[in-house]
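Let me begin by presenting the structure, written as structure tokens, before commenting on it.
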Amino acid sequence: MYSDKPKNTSVSVSPSGEIVEGSSVTLTCSNDANPPVQSYIWWYKKTGGDYQSMTGPQHVFNQSSHLTLESTTVRPQNEMGTERSRTINMDVKYGPRNTSVSVSPSGEIVEGSSVTLTCSSDANPPVDKYTWYKKNVTSPKASGQSYSITNIISEDRGEFYCEAQNGRGSMNSTALMIIVAGKQTSVLTAAVGIIVVVLVLILCLSGLMWFR
């Protein structure tokens, strides 16, 4: 049998099928080589991290929330050379996390105005259901990623939060406090009112002086 560098290099994942956060997977490298492979160098990347290396023909990964494996390749080597496997991308499924609420427009909320609350969440598969609640109110207020409150009145004040849900679970956001201020009188309106009052007083004083 002739000598040759590793070829037909591949990586298998066990168990096969859907990979769920919190489970464990085993990665195994296989190839054809003569003489046999002397070393294996793996390159892998975890969520939010840089590529790291490890050695050996097989490895077990725990798919915890902070150790989710995104991709991996392996380079088996013998004295004749080396070959790189194709990159394996790991599609790890997990429930919603980092769920939060934003409000638009930001700043003071005045009676009669409108605001839109938007829910965001990291999930795989993506969130398929958003539900809105007001604290201390049993029934949901709305569904959908955004919730608009129009013509706000003082009774709308309170704490609002959303629930994000996919096939892997659900998560509530922290509550967002809505504070409703009374209607504001514009500076122009106030100035006109003051001018009118002053003119009325002047006319009254002029009338009194005329009668005297």
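The values are calculated or read from the model by the stated rules, or taken from the named source; none is laboratory data. If you're wondering where the values come from, they're calculated on a predicted model, not measured in any experiment. Here the Cβ positions follow ideal geometry from the backbone for every residue, glycine too, while neighbour counts run over all protein chains shown. With ligands, DNA and RNA removed, areas are computed over all heavy atoms of the protein, side chains included. Shrake-Rupley method; radii C 1.70, N 1.55, O 1.52, S 1.80 Å.
Numerical summary
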read-out: The stretch 43-59 - phi-based ³J(HN,Hα) in whole Hz, Karplus 6.51/-1.76/1.60, Gly and Pro as x; value: 10, 9, 9, 9, 3, x, x, 9, 5, 10, 10, 7, 10, x, x, 8, 9
read-out: Partner lysines for Lys129 [C-alpha distance under 16 Å; skip if fewer than 8 residues away on the same chain]; value: Lys141
read-out: Length released on extending from Arg84 to Lys129, taking residue separation times 0.36 nm less the Cα-Cα span; value: 12.0 nm
read-out: Projected label distance in nm at Gln77 and Ser143, using a 7 Å step from Cα toward the beta-carbon; value: 5.7 nm
read-out: All lysines inside 29 Å of Lys5 as judged from Cα atoms, apart from same-chain residues fewer than 8 positions distant; value: Lys45
read-out: For the stretch 1-148: relative contact order, % (alpha-carbon pairs under 8 angstrom, 6 or more apart); value: 20 percent
read-out: Ser10 - accessible surface, heavy atoms, 1.4 Å probe, Å² rounded to 10; value: 50 Å²
read-out: Phi to ³J(HN,Hα) by Karplus 6.51 cos²θ - 1.76 cosθ + 1.60 over the stretch 125-139, Hz, x for Gly, Pro; value: x, x, 4, 10, 8, 10, 10, 9, 10, 10, 4, 6, 10, 5, 7
read-out: Residue order for Leu27, Leu176 - accessible surface, 1.4 angstrom probe, largest first; value: Leu176, Leu27
read-out: Surface per residue (accessible, 1.4 Å probe) for the stretch 63-143, Å²; value: 53 Å²
read-out: Heavy atoms of Met171: accessible area, 1.4 Å probe, square angstrom to 10; value: 70 Å²
read-out: Amide H contacts of Glu70 (H built 1.01 Å from N, under 5 Å, at least 5 apart or other chain); value: Lys45, Lys46, Thr47
